[in-house]
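J.: I have a structure I would like to understand better, so I am pasting it below and will then ask my questions one at a time.
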Amino acid sequence: MGAQVAVDELPGAIGTDLGHTDWMQVTQERVDRFADATGDHQWIHVDTERAASGPFGGTIAHGYLTLSLVSALLPSLLTVTDMSMGVNYGTNKVRFPSPVPVGANIRARGQIIAVDDVAGGYQVTARITIEVEDSDKPACVAEVVSRYLR
């Protein structure tokens, strides 16, 4: 799964389907650590007793936690070779169509939708969809922008 592309071949990779990653479980420990790191301790994320009778039937991952996991999953989708450095540059059009219940498995699916010249390399925009196992709706859809320098 995923694609391997040399940095100077990136312009020809527009439209490439990157496939999907392996599944990753979203644990309560990960959610709690994210809550501690961000200060977002809303009960739907961290209070397992209260959340059990809440609108989702249990705790759910923060939307921004789901988005941040793209950094862990993207290298399984796209490996750029012959580069000196790759950096996250930003995101476009981020949406959270459905929650990620704690304990659920997620994976990323991707496609390269744009490649632009930048000083010393290329800027790649990939549409990344975070899927939840056994769910018809994605948890997150984002255009992730990365720069790969020679």
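J.: Looking at the structure I just gave you, is Thr81 on the phi < 0 side of the Ramachandran plot, out of contact with any Leu (no Cβ under 9 Å at 6 or more places or on another chain) and surrounded by 17 or more Cβ atoms within 10 Å (Cβ to Cβ)?
T.: Criteria not met by Thr81.
J.: Could you go through segment 7-26 and let me know if any residue there is free of Cβ contacts under 8 Å to residues at least 12 places away in the same chain and surrounded by 14 or more Cβ atoms within 10 Å (Cβ to Cβ).
T.: Scanning segment 7-26, I find at least one residue that is free of Cβ contacts under 8 Å to residues at least 12 places away in the same chain and surrounded by 14 or more Cβ atoms within 10 Å (Cβ to Cβ), so the answer is yes.
J.: So Thr91 ticks every box in (1) in a helix (DSSP H, G or I); (2) touching a Leu at 6+ places or on another chain (Cβ under 9 Å) but one. Which box is left unticked?
T.: Unmet for Thr91, out of (1) in a helix (DSSP H, G or I); (2) touching a Leu at 6+ places or on another chain (Cβ under 9 Å): (1).
J.: Within segment 103-110, is even one residue within 26 Å of Val7 (Cβ to Cβ), of a type in the set (Gly, Ala, Ser) and at pLDDT 95 or above?
T.: Checking segment 103-110: at least one residue is within 26 Å of Val7 (Cβ to Cβ), of a type in the set (Gly, Ala, Ser) and at pLDDT 95 or above.
J.: A further question on this structure: Restricting to segment 96-150, count the residues that are closer than 15 Å to Gly19 by Cα, among the hydrophobic types (A, V, I, L, M, F, W, C), surrounded by 17 or more Cβ atoms within 10 Å (Cβ to Cβ) and in contact (Cβ under 8 Å) with a residue 60 or more places away in the chain.
T.: 5
J.: Can you find, within segment 39-52, the residue that is surrounded by the fewest Cβ atoms within 10 Å (Cβ to Cβ) among those that are touching a residue at least 12 places away in the same chain (Cβ under 8 Å) and under 15 Å from Ala104 (Cβ atoms)?
T.: Thr48
J.: When the residues of segment 10-33 are narrowed to those that are more than 15 Å from the chain's Cα centre (by Cα) and in a loop (DSSP other than H, G, I, E, B), which ends up farthest from Ile112 (Cα to Cα)?
T.: Checking each candidate, the answer is Thr27.
J.: Moving on. Please enumerate the residues belonging to segment 55-75 that are surrounded by 18 or more Cβ atoms within 10 Å (Cβ to Cβ) and either more than 11 Å from the chain's Cα centre (by Cα) or over 17 Å from Glu131 (Cα atoms) (or both).
T.: Thr59, Ile60, Ala61, His62
J.: Would you check if there is a residue in segment 55-62 being in a strand (DSSP E or B) and of a type in the set (A, V, I, L, M, F, W, C)?
T.: The answer is yes, given that some residue of segment 55-62 is in a strand (DSSP E or B) and of a type in the set (A, V, I, L, M, F, W, C).
J.: From the list Ile112, Ile106, Ile130, pick out the single residue that is in contact with a Cys (Cβ under 6 Å, 6 or more places away or on another chain), part of a strand (DSSP E or B) and either under 19 Å from Arg30 (Cβ atoms) or of a type outside the set (Asp, Glu) (or both).
T.: One residue alone meets the criteria, Ile130.
J.: Here is a check on your reading of the model: is Ala51 outside any helix (DSSP H, G or I) and either farther than 19 Å from Ser135 by Cα or modelled with pLDDT of 95 or more (or both)?
T.: no
J.: Taking the conditions exactly as written (farther than 24 Å from Tyr148 by Cα and either without any contact (Cβ under 8 Å) to a residue 12 or more places away in the chain or assigned to a loop (DSSP other than H, G, I, E, B) (or both)), does Asp36 satisfy them or not?
T.: yes
The values are calculated or read from the model by the stated rules, or taken from the named source; none is laboratory data. On a predicted model such as this, the values are computed, not experimentally measured, just so you know. When we count neighbours, we look across all protein chains shown, and the Cβ atoms used for this are built from the backbone with ideal geometry, even at glycine.
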